[in-house]
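To keep things clear, I will list the structure first and then write my remarks on it.
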Amino acid sequence: MVSAGRAVAKYIKTSPYKMRKVMDLIRGKDVNSALGLLENVEKRCRIYLIRALKSAVASAKQGGKVKQDDLFIWKITADDGPIMRRYKAQAMGRATMIRKRTSHIIIELGHAETPIKKSHAAAGAKGEAPKTGKRRS
C-alpha cells in the first residue's frame, strides 16, 4: 500500500522506549481520535507526536483530495537516534556515563478506503505493538 501521508521527525530528545509507550496508544486509530487522545496524555513526548501527526495529515491533504476524517495511522515507529554521552562524578574518583537518548519518529497514514494488510490489521486489532527490537534499560 502506498501511504496517503508521511512525516518524519528526527533528533527528538526523548528516549525511544518512552516514545513507544505513547505510540502504542494511538497505533491503528483514526487521526481525529488519535489527536484527541494525545491532547489528554500527560507525557512530554506527546508534543512531538502531535506535531508529526499534523505534518503527516498536511502532506496527505497536499497529495490529493483526502479528508482528515478518512485517514488513520497506518504505521508509526520510534527508532534510535544518536546518543549523547555525558559523564557524572561518582564516589572514590570514578565517573559514570549518562546516556541522553534521542529518537526518530516515522508516521505513515493510510486512507480508509485502501485495503489493510493482515499483519498490520492483526497487530492493530489486538492492541499489540509490532516487535521493534531489543529493549534497552
With a bin width of 5 angstrom, please list the P(r) values of segment 5-113 as percents of all Cα-Cα pairs, from the 0 bin to the one holding the largest distance. 2, 12, 21, 20, 14, 10, 7, 5, 3, 3, 2, 1, 0, 0
For a quick size check, give me the Cα extents of segment 38-100 along its three principal axes, largest first, whole Å. 65, 25, 16
Could you sort the peptides 89-100, 59-70 by per-residue average Cβ neighbour count (10 Å cutoff), highest mean leading? 59-70, 89-100
So how do 50, 107, 73 line up by other beta-carbon neighbours within 10 Å, fewest first? 50, 73, 107
Please work out the FRET efficiency for the pair residue 79 and residue 58, using the Cβ-Cβ distance as r and a Förster radius of 25 Å; give the result to the nearest 0.05. 0.65
Students often get this wrong: which residues of segment 94-110 have the backbone nitrogen under 12 Å from the point 7 angstrom along Cα-to-C-beta of residue 51? 105
Defining a contact as two alpha carbons under 8 Å apart and six or more residues distant in sequence, what relative contact order in percent does segment 5-113 show? 42
Please list, in chain and number order, the residues 5+ apart from residue 81 or on another chain whose amide H is under 5 Å from its amide H, with Hs placed from the backbone. 102, 103, 104
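We did not get these values from a lab; they are worked out from the coordinates using the rules stated. Since the structure is predicted, the reported quantities are computational estimates derived from the model, not experimental observations. Ideal geometry is used to build each Cβ from the backbone, glycine not excepted, and the neighbour counts take in all protein chains shown.
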